[in-house]
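Inspection log for the structure reproduced underneath, given as structure tokens.
What follows is calculated from the coordinates using simple rules that are stated; it is not laboratory data. Worth saying up front: this structure is predicted, and the values here are computed from it rather than measured. Note: ideal-geometry Cβ built from the backbone for every residue, glycine included; neighbour counts use all protein chains shown.
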Amino acid sequence: MQLNMLASLTTEPAGTPVEPVTGQIVPQNGVTSDIVYVMFHGYGNDEHEMVRIITAVDPGCDYISVQGPIHRQYLGGHAWYNSTDWDDAQIQSQCSAIGDQVVGMLDSSALKGRRKVLVGFSQGGYLAYRILADHPDMFAAAVLFAPSFHDAQVRFVEPTRRPKVFLGYGSLDQQIPEEQKSSIRASLATFANVEERAYLGMRHDVCDAELTDVYRFLQSLPRI
């Protein structure tokens with residue numbers, strides 16, 4: 001499948017600041033921050049959703065925000081999988097295939113030595129989790145905002161070191177079934193170090209308090 005994405009990666013050649021480069025990956029020459037966020041939006045949205053979220057946490061950051069391959073005809077927006085008609089095996093397979101394609105793109109000289117952090121909301125949160133489970137050594141961490149869970153078969157690659165994961169849900173989030181929340185907690189515990197937060201009164205959403213916690217989480221990540 002073909003994936004569309006929005007990228008902003010900055011460099012400082014010869015010590016001189018330059019404007020962000022949008023839509024392409026540029027060589028690493030004097031990069032100001034070593035983190036690159038790799039982001040996946042929620043159902044019915046697009047790649048701009050995650051840019052708004054991450055720039056609220058880390059203004060001026062480097063990111064790659066990917067657009068879901070399924071366009072919602074008539075309704076607009078995009079999705080990563082068909083949660084109505086597909087079973088969990090199909091959803092898991094789809095997300096692993098997308099992850100393999102994204103990781104192949106990330107394995108480039110332009111991004112060597114950069115800390116890569118997965119970020120996803122809802123459907124995109126499950127996709128980010130699935131990519132981390134399949135490729136744990138590629139990423140320093142993951143931020144999962146209200147992720148769903150669709151593993152038909154528990155499968156993960158044993159990491160050489162356990163990645164850090166931020167997991168956040170609203171106390172009133174009824175979009176994600178409690179069974180899915182419990183399952184993703186259990187799966188993450190097998191290969192990652194998880195910091196979970198619950199937000200009183202929040203539904204299937206992201207709030208200011210959560211963004212503050214994500215900022216602190218990102219600041220705590222060890223450097224390579």
Pairs of Cα atoms farther than 31 Å apart, the chain, %: 15
Under-5 Å amide H pairs with residue 115, H placed in peptide plane, nonlocal only: 35, 36
Amide H partners (placed H, <5 Å) of residue 5, local residues excluded: 67
All aspartates and glutamates inside 15 Å of residue 112 as judged from Cα atoms, apart from same-chain residues fewer than 8 positions distant: 34, 62, 137
Between the stretch 195-224 and the stretch 141-188, the alpha-carbon center distance in angstrom: 14
Under 5 Å, built H, 5+ apart or other chain: amide partners of residue 148: 122, 123, 125, 126
Cβ-based net charge around residue 186, under 13 Å, with every Lys or Arg adding one and every Asp or Glu removing one: -2
The stretch 84-186: chymotrypsin sites (Phe, Trp or Tyr not before Pro) in DSSP coil with no more than 14 other Cβ atoms inside 10 Å: 86
Prolate/oblate/rounded label for the stretch 123-224 (Cα gyration tensor, a/c 1.5): oblate
Per-residue HN-Hα couplings for the stretch 54-62 [Karplus 6.51, -1.76, 1.60; θ = phi - 60°; Hz; x = Gly/Pro]: 6, 6, 6, 8, 9, x, x, 6, 8
Helix-derived mean residue ellipticity, 222 nm - over the chain, DSSP H n ≥ 4, -39500 (n - 2.57), to 500: -9500 deg cm²/dmol
